[in-house]
1. Pick out the one residue from V198, V97, V185, V103 that is closer than 22 Å to C37 by Cα and of a type in the set (A, V, I, L, M, F, W, C).
2. Please go through segment 135-158 and give me each residue that is free of Cβ contacts under 8 Å to residues at least 40 places away in the same chain and either crowded, with 24+ Cβ neighbours inside 10 Å or under 14 Å from the mean Cα position of the chain (by Cα) (or both), ordered by number.
3. Can you name the residue in segment 167-176 that is surrounded by fewer than 22 Cβ atoms within 10 Å (Cβ to Cβ) and at negative phi and is also nearest to the chain's Cα centre (by Cα) among such residues?
4. Would you pick out the residues in segment 253-288 that are within 13 Å of G218 (Cβ to Cβ), assigned to a strand (DSSP E or B) and either at pLDDT 75 or above or over 21 Å from the mean Cα position of the chain (by Cα) (or both)?
5. All but one of (1) small (G, A, S); (2) in a helix (DSSP H, G or I); (3) in contact with a helix residue (DSSP H, G or I) (Cβ under 6 Å, 6 or more places away or on another chain) hold for G140, so report the exception by its number.
6. Looking at I179, I195 in this structure, which one is farther than 23 Å from V29 by Cα, modelled with pLDDT of 95 or more, surrounded by 21 or more Cβ atoms within 10 Å (Cβ to Cβ) and of a type in the set (V, I, T)?
7. Does V97 meet the test of being farther than 28 Å from S189 by Cβ and among the β-branched types (V, I, T)?
8. Taking interchain pairs and intrachain pairs at least six residues apart, which have beta carbon atoms under 8 angstrom, with the first residue in segment 277-299 and on the phi > 0 side of the Ramachandran plot and the second crowded, with 18+ Cβ neighbours inside 10 Å and assigned to a helix (DSSP H, G or I)?
Amino acid sequence: MAIIIDETKKVIVQGITGREGQARTKLMVGYGTNVVCGVTPGKAGQDVLGVPVHDSVKDAVGAAGGVDISVVLVPAKFVKGATIEAIEAGVKLALIVPDRVPVWDAMEIAACAKSNDAQFIGPNTLGVLSPDRGVIGMMGGRAESAKAWFKPGAVGVISRSGGMSSSTAYYLGRAGIGISTICHVGGDSVLGLRIPDVALMFEDDPQTEAIVIFGEIGGSMEEDLAELMRAGRVTKPVVAYIGGKAAKEGTRFSHAGAIIERGRGTHAGKVKALTGAGATVVDGFGDLPAATKRVLLKI
């Protein structure tokens, strides 16, 4: 089993005829993702890599007989309109890849998703990959590298960093540890699915035996995960690394959402919360594979 994406999910790509849309569609189709349609207004009747293009999400949903996921690959200024269009057409999960999406736009998307019982991942996400099952977004870059780097297994990976999502899974694989699903939640301050939300999905996934987190300073996602662990809602072992140890208050660490403000979201606070809840927290990123191996041996 896998969470979020597998070979059964019907996927559309909004912005499929653009440069990014074509490149990421090539990855997804090449990896085996069930990309059923693309959407670009005014481009109906064309195709990209054999994927038919429609003018609207409504048309794509009708042609496909329903759609599970929309991958949004339009310029940032068009993201709000494209995502809301998908949600209002009945798509229950949108993956928002672009960065520089205005915070107010992300807040409007969140309100629309809530009122339509839908979810979204991102903005500013590399995507989600379940080894040998499917990929949405741009995880792995090319189908060949994605197939070579990520092997199926029992560890779920959640990351706040796009590049470190791939690196975490890659180095776990080098250590002989396979992955159930990799999810990059995104680096912005307003997000859809957050670390605790994805952890709950992994908790319900029979394939996943342990959860590995690449966290960062800023926000409260890691502390919220710790609360779920203390409440017994996440019972599977958690291994975590928190980036940004040396960052000072008011300094952004890589991402818009990774900033310590008014003493909240500190490295020390996150480490304390997670270790207090029973997680294994490593001091160096390179320590993650060995720590994960030790945890798996105890299960």
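1. V97
2. Of everything in segment 135-158, just one residue is free of Cβ contacts under 8 Å to residues at least 40 places away in the same chain and either crowded, with 24+ Cβ neighbours inside 10 Å or under 14 Å from the mean Cα position of the chain (by Cα) (or both), namely F150.
3. Within segment 167-176, the first condition is being surrounded by fewer than 22 Cβ atoms within 10 Å (Cβ to Cβ), and the residues that meet it are 167, 170-171, 173-176.
Cutting the leftovers down to at negative phi gives us 167, 170-171, 173-175.
On the way: S167: 14, Y170: 16, Y171: 18, G173: 19, R174: 22, A175: 23 Å.
Top of the filtered list is S167.
4. Passing the criteria: E261, R264.
5. If we test G140 against (1) small (G, A, S); (2) in a helix (DSSP H, G or I); (3) in contact with a helix residue (DSSP H, G or I) (Cβ under 6 Å, 6 or more places away or on another chain), just (2) comes out false.
6. Details: I179 fails: farther than 23 Å from V29 by Cα.
The conditions single out I195.
7. Answer is no for this residue.
8. G278/M229
The values are calculated or read from the model by the stated rules, or taken from the named source; none is laboratory data. Because the structure is predicted, anything quoted here is derived from the model rather than measured. Heads up, the Cβs are rebuilt from the backbone with ideal geometry, glycines too, and the neighbour counts pull from every protein chain shown.
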